[in-house]
Amino acid sequence: MQRQGSIGGSAAIRIRATGGVLLVAHLAFVAWLTLRPLEVPWVMPANLRPFAGIRADLALGWQEAAHRIIEGLALLAPLGVLIPMTHGRLHASPLGSLVRTVAAGALISLGIELLQTDVPGQVVDVDSLLLNTVGVALAHMAIVPASRAWLRRRSRLAPRRTTPQEEPSQGRTPTIPRVGIAP
């Protein structure tokens, strides 16, 4: 049985499967990039104050700051599209979809930050958690509502395929009266 509001048929299966494969591939790449040990002579202390790292990046100059901020926004941004793609719903609340996707992106980013505590050369940074979450939200808002609207329009305009007819109803199911309990 098909979920209500889902894309139907083999197109839905292809979209969900493609989204799932791309999601796993992206998460594997992110894990490799963020959880590999680095050989560095010294490591900065962990940043647990929000926006302190962004202020420090801005102090380095606008080019370096833009590079680091865009890098933080782009790391998990594809999740903003891939998570709804694996879900495969055409008719979903835009706000509900955004909240679910951003929450999932924030939890994944938090998991990465927590795993980085055991990796040599990697430092926990609350600003990367914030930037990753904002990147997921921006990607979702920029792509998902427009692509869902396009797919809904496309499905309305596409010629309907005829499906095999179900057998006609044979009426109500007969009921058997209950037998009373013997004295």
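The values are calculated or read from the model by the stated rules, or taken from the named source; none is laboratory data. Keep in mind the model is a prediction, meaning the values are calculated, not measured. Glycine also receives a Cβ, built like all others from the backbone with ideal geometry; neighbour counts cover every protein chain displayed. Just the protein is used for accessible areas: all its heavy atoms, side chains included, with ligands, DNA and RNA removed. Shrake-Rupley method; radii C 1.70, N 1.55, O 1.52, S 1.80 Å.
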Mind checking which residues of segment 52-110 are aliphatic (A, V, I, L, M), farther than 28 Å from Arg152 by Cα and assigned to a loop (DSSP other than H, G, I, E, B)? Leu60
Scope segment 51-63; condition open to solvent by 70 Å² or more (accessible area, probe 1.4 Å) and more than 25 Å from the chain's Cα centre (by Cα); matching residues: Arg55, Leu58, Ala59, Leu60, Trp62, Gln63
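In segment 113-132, which residues are under 15 Å from Gly72 (Cα atoms) and either open to solvent by less than 20 Å² (accessible area, probe 1.4 Å) or free of Cβ contacts under 8 Å to residues at least 40 places away in the same chain (or both)?
Within segment 113-132, the first condition is being under 15 Å from Gly72 (Cα atoms), and the residues that meet it are 113, 122-132.
Glu113, Asp127, Leu129, Asn132, listed by residue number.
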Being open to solvent by 70 Å² or more (accessible area, probe 1.4 Å) and at pLDDT 95 or above is the filter; apply it to segment 1-31 and report the residue that is nearest to Gln116 (Cα to Cα). Phe29
The number of residues in segment 35-67 that are within 22 Å of Leu110 (Cα to Cα) and touching a residue at least 12 places away in the same chain (Cβ under 8 Å) is 17
Within segment 100-110, can one find any residue that is of a type in the set (S, T, N, Q), at negative phi and touching a His at 6+ places or on another chain (Cβ under 8 Å)? yes
